[in-house]
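Worksheet for the structure shown next.
The values are calculated or read from the model by the stated rules, or taken from the named source; none is laboratory data. Quick caveat: nothing in here was measured; it's all calculated off a predicted structure. Here the Cβ positions follow ideal geometry from the backbone for every residue, glycine too, while neighbour counts run over all protein chains shown. Heads up: the accessible areas ignore ligands, DNA and RNA and are worked out on the full protein's heavy atoms, side chains in. Shrake-Rupley method; radii C 1.70, N 1.55, O 1.52, S 1.80 Å.
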Amino acid sequence: MSTSMATTQPRPVIQTMTSNGWTSGICDCFQDLPQCCLAFWCPPCFACKTSYEAGECVCLPLLDAFGLIPPMTTSLRVSIRHRYGIEGTVCKDCVYACCCGPCTWCQIAREMKARAHPITFINMTSR
């Protein structure tokens with residue numbers, strides 16, 4: 001009877017999945033119900049909280065009330081897209097900000113939350 005000895009141990013293969021798209025859609029507000037409720041019942045509070053979490057001034061979203069196109073919602077959405085390498089256009093960002101501000105703020109908050117804790121896959125196969 002012959003015995004064989006393993007000379008190499010299997011090494012874990014670690015992969016982090018990142019995407020060049022949003023992790024959730026603009027209308028996926030119910031993926032995070034507490035944030036969704038705050039965004040729809042008190043949009044200024046939620047926008048200021050999300051702006052702060054994005055590293056911006058807390059009061060900047062309040063400037064959105066003074067224009068036809070919400071400049072802070074649009075600019076923060078563009079900033080998040082660039083930060084995480086998400087594809088899109090300023091035109092789309094502007095349309096989303098104008099047509100559905102609370103949904104846009106919810107999507108930004110969900111994106112920051114999802115990207116703060118990326119999914120990591122570990123495969124324990126031998127090479």
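Which count do you get for residues in the stretch 69-92 that are assigned to a loop (DSSP other than H, G, I, E, B) and either open to solvent by less than 60 Å² (accessible area, probe 1.4 Å) or in contact (Cβ under 8 Å) with a residue 24 or more places away in the chain (or both)? Of the residues in that region, 6 qualify.
What residue, among those in the stretch 35-47 that are over 16 Å from the mean Cα position of the chain (by Cα) and in a helix (DSSP H, G or I), is surrounded by the fewest Cβ atoms within 10 Å (Cβ to Cβ)?
Of the residues in the stretch 35-47, the ones over 16 Å from the mean Cα position of the chain (by Cα) are 37-38, 40-45.
Now restrict to residues that are in a helix (DSSP H, G or I): 37-38, 40-41, 43-45.
On the way: C37: 13, L38: 19, F40: 14, W41: 10, P43: 15, P44: 12, C45: 12.
It comes out as W41.
A65 meets each of the listed conditions (1) open to solvent by 60 Å² or more (accessible area, probe 1.4 Å); (2) in contact (Cβ under 8 Å) with a residue 40 or more places away in the chain apart from (2).
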